[in-house]
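Worksheet: the structure to be examined is printed underneath.
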Amino acid sequence: MNTNELIGTARLMVDDHKGILAMDESFPTANKRFAKLGIPQTVEARRAYREMLVTTPNLGEFISGAILFDETIRQKTKDGTPMIKVLTNSGIIPGIKVDTGTKDLAGHPGEKITEGLDGLSDRLAEYYEMGARFAKWRAVIVIGDGIPTKAAIETNAVTLARYAALCQEAGLVPIVEPEVLMDGDHTMERCFEVTEEVLRTVFNQLYLQGVLPEGIILKPNMVVPGLSCSIQKLNNEVADATVKCLMRSVPAAVPGITFLSGGQSAELASARLNAMNIHFKSKLPWELSFSYGRALQQPALETWLGLDANVQEAQKALYHRAKCNYAARLGEYNSGMETT
Ligand code: 13P
């Protein structure tokens, strides 16, 4: 394991108040989002969309890394430049989603397991060769009646740790993403309890399997009430609960925590990250950053709509969201930024 390289990459991913652009939607997810807006669900439409994202002028001011899907890492822009080259030319580190999606967990109705370990070391070697320097694997934990079970939490934690160990051996920094879903009517307190147990279990497995904590990035959910919970919380309350939960469960050696947005609106994801950094930034051992998918991309996608004529405006929308979240890392975001 090249410890220095891993530590160096992980630091670059969270330094200078920059964050990570998650643009690694699988075919079904990308197609579903395109279909909703009447955009054709074709290879060419996905390529054109991703070209629009990665060629956004000056994106590297606020974005340190971009997570690609296997299809995208092999694609080129219209002028023949590999997507991965466009990113590195902008100072953005290319990353790659390596899980192959979730399946039902056998014997555990309503729960999920993430697949993709078979043949993973060969795929990682190929991605490293292509220029990727970090990877992503998302595990999904569902809150519901009697779930999550210990079986689902343990199985997903073991799998995340196996993935992380393989990544580090291949020279790629693993983004470890255990996502406790926001779907449901559970309270914020229940989300806290589940997130704490999940994170403690994941870090125990990472330790057991010899993963270098200085060479990973954690990508968790924020601690929030379920989307249909009748008691929603103020941004400061979400910030307090999230930081308290992370302080209990994430080793100080981890360089950075980059949140997923998970279905929060773009503005809320910025405001909550901002609240955490205003109140806690100077007291925390790790950087608190973002690795948003929808909360960075959605306004750009809704502006683009599959039309060349909209590319510039869509890029402005992406640039704006990246700038808002960069400001949130500094605790300098405010809603006034949304109207200027
Ligand atoms: P969202 O920010 O849209 O939740 O996506 C982040 C991600 O990478 C999910 O795996």
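The values are calculated or read from the model by the stated rules, or taken from the named source; none is laboratory data. Remember, it's a predicted structure, so these values are computed and weren't measured experimentally. Counting neighbours? That spans all protein chains shown, and the Cβs are built from the backbone with ideal geometry, glycine included. Heavy atoms of the whole protein, side chains included, go into the accessibility calculation; ligands, DNA and RNA do not. Shrake-Rupley method; radii C 1.70, N 1.55, O 1.52, S 1.80 Å.
At a glance:
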| quantity | calculated |
| --- | --- |
| Test: residue in region 74-89 that is within 25 Å of Met1 (Cα to Cα), in contact with an Asp or Glu (Cβ under 6 Å, 6 or more places away or on another chain) and not aromatic (Phe, Trp, Tyr) | no |
| Residue in region 6-24 that is polar (S, T, N, Q), more than 16 Å from the ligand (Cβ to nearest atom) and within 23 Å of Gly80 (Cβ to Cβ) present | no |
| Residues located in region 266-290, provided they are more than 23 Å from Glu214 (Cβ to Cβ) and within 11 Å of the ligand (Cβ to nearest atom) | Ala266, Ala269 |
| Any pair with Cβ under 6 angstrom, 6 or more apart, that starts in region 254-268 at a residue that is farther than 20 Å from Lys244 by Cα and small (Gly, Ala, Ser) and ends at one that is near the ligand (Cβ under 8 Å from one of its atoms) and assigned to a strand (DSSP E or B) | none |
| Selection from region 174-216 of residues that are touching an Asp or Glu at 6+ places or on another chain (Cβ under 9 Å) and either among the hydroxyl-bearing types (Ser, Thr, Tyr) or farther than 12 Å from Asn156 by Cα (or both) | Met188, Thr201, Gly215 |
| Elements of type strands (runs of 3 or more DSSP E) contained in region 45-153, each with 2 or more residues being open to solvent by 20 Å² or more (accessible area, probe 1.4 Å) | 93-97, 102-104, 112-114 |
| Of all residues making up region 154-171, the number that are within 19 Å of Pro220 (Cα to Cα) and open to solvent by 10 Å² or more (accessible area, probe 1.4 Å) | 6 |
| Failed condition for Thr149, given (1) under 21 Å from the mean Cα position of the chain (by Cα); (2) more than 18 Å from Leu246 (Cα to Cα); (3) among the hydroxyl-bearing types (Ser, Thr, Tyr) | (1) |
| Residue among Leu307, Leu301, Leu330 that alone is of a type in the set (A, V, I, L, M, F, W, C) and within 13 Å of the ligand (Cβ to nearest atom) | Leu301 |
| Among the candidates Arg294, Arg321, residue that is over 21 Å from Glu179 (Cα atoms), in contact with a Ser or Thr (Cβ under 9 Å, 6 or more places away or on another chain) and not hydroxyl-bearing (Ser, Thr, Tyr) | Arg321 |
| Residues located in region 29-44, provided they are among the aliphatic types (A, V, I, L, M), open to solvent by 40 Å² or more (accessible area, probe 1.4 Å) and closer than 23 Å to Met130 by Cβ | Val43 |
| Residues satisfying the stated conditions in region 327-340, i.e. open to solvent by 60 Å² or more (accessible area, probe 1.4 Å) and not acidic (Asp, Glu) | Asn334, Ser335, Thr339, Thr340 |
| Flag if Ile113 is β-branched (Val, Ile, Thr) and more than 25 Å from Arg248 (Cβ to Cβ) | yes |
| Inter-residue pairs, beta-carbon under 7 Å, first touching a residue at least 24 places away in the same chain (Cβ under 8 Å) and within 15 Å of the ligand (Cβ to nearest atom) and in region 174-197, second open to solvent by 30 Å² or more (accessible area, probe 1.4 Å) and among the hydrophobic types (A, V, I, L, M, F, W, C), 6+ apart | Leu181/Val142; Met182/Leu227; Asp183/Leu227 |
| Checking Arg294 against (1) farther than 28 Å from Val43 by Cα; (2) within 16 Å of the ligand (Cβ to nearest atom); (3) open to solvent by 50 Å² or more (accessible area, probe 1.4 Å), the condition it does not meet | (1) |
